[in-house]
């Protein structure tokens, strides 16, 4: 029996420290997936929501799939729910919120390559928010998290062919978004 399954069983038995261990084990991947779907400024809320949902639904976990896959499915659903709710906010307000939530830059000068890498990462994350939510999720899970297609299909509860199609469209959309800003990415036309 794997370690996650033992922790799940202990949690079901009332051991809350076991669930804390599960959270510690999977916090990073849950946060990364949430951040890449809804953005870093809202990833903590989505991750917390995902862990709360998982805790309350732990009785429904059957164990026929790895706990991580089950948890990422919950994270996916929480992120999509959050993205749908955010769709009601006008784009101009959303841009203002993102700008206001940006962390203050250090007063001391950072090395040029570190600054450039951070700016590129921030621009990429912003560009990812321009993708449709269902496309963004498969792109994040496959290209950034490195999950296999089958696990992505399980997490998103979609057929394997649909996952592959969405990934293809997501990559095409992202390339188009990046090409509109070629001075940032130096992509050929």
- In the stretch 151-177, the residues that are more than 15 Å from residue 76 (Cβ to Cβ) and either modelled with pLDDT of 85 or more or buried (at least 17 other Cβ atoms within 10 Å of the Cβ) (or both): 159, 160, 161, 164, 165, 168, 169, 171, 172, 173, 174, 177
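Conditions (1) part of a loop (DSSP other than H, G, I, E, B); (2) touching a helix residue (DSSP H, G or I) at 6+ places or on another chain (Cβ under 8 Å); (3) touching a residue at least 40 places away in the same chain (Cβ under 8 Å); (4) under 24 Å from residue 134 (Cβ atoms), marked per residue:
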{"residue": "4", "(1), (2), (3), (4)": "no, yes, yes, no"}
{"residue": "8", "(1), (2), (3), (4)": "no, yes, yes, no"}
{"residue": "23", "(1), (2), (3), (4)": "no, yes, no, no"}
{"residue": "33", "(1), (2), (3), (4)": "no, yes, yes, yes"}
{"residue": "62", "(1), (2), (3), (4)": "yes, no, no, no"}
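With the requirement that a residue be part of a helix (DSSP H, G or I) and touching a residue at least 40 places away in the same chain (Cβ under 8 Å), what does the stretch 35-54 give you?
Residues satisfying the conditions are 35, 36, 37, 38, 40, 41, 42.
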- Query: Which numbered condition trips up residue 20, out of (1) on the phi < 0 side of the Ramachandran plot; (2) surrounded by 15 or more Cβ atoms within 10 Å (Cβ to Cβ)?
  - Reply: (2)
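The values are calculated or read from the model by the stated rules, or taken from the named source; none is laboratory data. On a predicted model such as this, the values are computed, not experimentally measured, just so you know. Please note: Cβ atoms are built from the backbone with ideal geometry, for glycine as well, and neighbour counts cover all protein chains shown.
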